[in-house]
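Working notes for the structure below.
Derivation of every value follows stated rules applied to the coordinates shown; laboratory data play no part. Predicted model, so just to flag it, every value in this text is computed and none were measured. Positions of Cβ are generated from backbone atoms using ideal geometry, with glycine treated the same way; all protein chains shown enter the neighbour counts.
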Amino acid sequence: MNSTLFPEHESLVAELIQLYKSGRLPHALLLTSDSGLGLSEVCEVLAHRLLWMTSQSSEEETQELLAAGTHGDFRWVSVIDGKQSIGVDQVRAACDFVAKTAGYGSLKVLVIEGADKLTTAAANALLKTLEEPQGDTLITLISRRPWLLPATIRSRCQSRTLPRLSEATCNSALTQSGVSPESFDGKSSRFLENWLVAAANGTLDLQNEVRSSVTRVLNGKSGGRELTECLMKHELSDAVEATAQAIEERVSETNLDPKARVTLLTLHRMVAALLQRIRNGATPAREVVCYEIGVLTAGARENNMESVRQSLSLMGVTVA
């Protein structure tokens with residue numbers, strides 16, 4: 001556990017540390033981020049600094065224990081490999097950890113990564129511990145999609161959103177990742193963060209390919225078939241997510257015709273809904289999804305709102 005934070009995220013950690021020192025840090029935090037960038041790293045650094053501050057161990061000893069996964073006052077819960085969600089047994093074990101006395105100092109830290117993937121039973125099992133944790137405990141829930149969490153969970157946490165990185169920070173990080181500055185020139189920090197996530201996940205080439213194909217279709221330089229073939233080459237959720245981001249970037253263009261913007265906003269909302277269904281475990285036919293995305297993107301080029309709606313309806317996605 002040796003994370004280096006972006007300057008903007010470092011400022012949030014410093015603020016949370018100061019709140020702890022003044023006795024005003026809540027026992028339950030919900031950390032969110034538009035892009036997801038830095039969520040895990042912020043939690044790692046925050047846990048390291050707090051556990052070091054509240055124990056008799058040196059900073060180096062604390063770091064070694066955390067890195068080895070053997071620190072008795074720290075637990076990190078996430079989706080187990082091969083599973084789609086965080087189960088009730090994982091949460092019960094985490095609650096048992098919270099109920100125990102700290103062994104290295106005065107503080108225990110529990111992090112639940114991907115908290116929006118808690119099953120209903122797991123979320124219910126967490127409620128009492130969130131409301132009344134025993135001893136000096138910090139429980140941090142990480143979620144890029146907090147609206148998927150039950151309201152009963154959200155209401156028991158203080159929500160904090162990671163500050164968006166500046167364009168200068170994003171540009172520097174992308175350049176260090178080997179991305180040509182010309183490829184992201186003029187992009188806002190909101191989109192640059194998504195590029196950073198893609199670069200870290202190894203999906204930047206995929207996103208650039210899909211973005212180029214979507215742009216060609218919307219500019220009338222190719223048909224929906226080209227986009228379908230492009231999407232078919234990649235894992236379905238990655239392809240759909242890249243399509244949603246490409247449409248979002250297009251919507252942000254300042255010189256876009258108002259009618260076209262409305263159509264694209266509807267298209268983006270529908271594709272995002274489809275992506276959420278896939279992430280929640282739905283398994284639509286890959287060929288059908290890729291074909292329909294090609295068709296509806298071509299329909300959006302013609303500002304054909306009804307065509308867009310009908311195409312997504314075939315895939316089970318409806319928008320009021």
Handout entry: Surface/4 of the Cα convex hull for the chain, nm²
Key = 17.7
Practice task
Please give the helix 167-176 orientation as an angle from the longest Cα principal axis of the chain, in degrees from 0 to 90, rounded to the nearest 10.
Solution key: 90
Exercise for the section: Could you grab the relative contact order for region 163-264? Cα pairs under 8 Å, six or more apart, rounded to a whole percent. Expected result: 22
Problem - Spin-label model distance (nm) - residue 167 vs residue 124, 7 Å beyond Cα toward Cβ - result: 5.1
Practice task
Using 0.36 nm per residue of separation minus the Cα-Cα distance, give me the extension gain between residue 159 and residue 106 in nm, one decimal.
Solution key: 16.7 nm
Fill in the blank from the handout: For the chain, longest principal axis from Cα atoms; helix 286-301 axis from its Cα atoms; angle between them, nearest 10 degrees, is 60
Fill in the blank from the handout: Helix 236-251: inclination vs the chain longest Cα principal axis, degrees, rounded to 10, gives 70
Completion exercise
Counting only DSSP beta bridges fully inside the chain, the antiparallel percentage to nearest 5 is 5
